[in-house]
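Below: the structure, in structure tokens.
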Amino acid sequence: MSNFDASNPDAEHVQCAVCEKAIKGGQWFARISHGQWLVALCCPLCTEVFEAKPAAYIRRIETLSLLRSPEGPFKQD
Ligand SMILES: [Zn+2]
């Protein structure tokens, strides 16, 4: 299951905001807040990439979350 929200430190896993690798048990390299999001980064390289253009990655995460949520655009009435 996809989870980019790193605001819950007890979450079973969270995905790296850049490479989408699953990070288990709070083993992230860094957490960065941007707007309403607190995202996790798995390594120094991903952190660097994220910080170069955070808005682009946040937007991608928001899109992925929306698509995969029960309230997303593919919900059937
Ligand atoms: Zn990563």
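Structure above, values below:
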read-out	value
Gyration tensor (Cα) of the chain, equivalent ellipsoid semi-axes in angstrom	22, 15, 10
Rel. contact order, % - alpha carbon contacts under 8 angstrom, at least six apart, the range 1-42	40
Most positive-pole-ward Cα, P9, H34, P70, against dipole of the chain from beta carbon charges	H34
Antiparallel DSSP beta bridges within the range 13-68, percent to nearest 5	90
Whole-number percent relative contact order across the chain, with pairs defined as alpha carbons under 8 Å at least 6 apart	25
Set of the range 1-19 residues, backbone N closer than 13 Å to the point 7 Å along the Cα-Cβ line of L67	2
Projected label distance in nm at C43 and K21, using a 7 Å step from Cα toward the beta-carbon	0.4
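Since every read-out is calculated from the coordinates, none of them should be taken as a lab result. Keep in mind that what you see is a predicted model, and the values were worked out from it rather than measured. Neighbour counts are summed over all protein chains in view; Cβ atoms, including those assigned to glycine, are modelled from backbone coordinates with ideal geometry.
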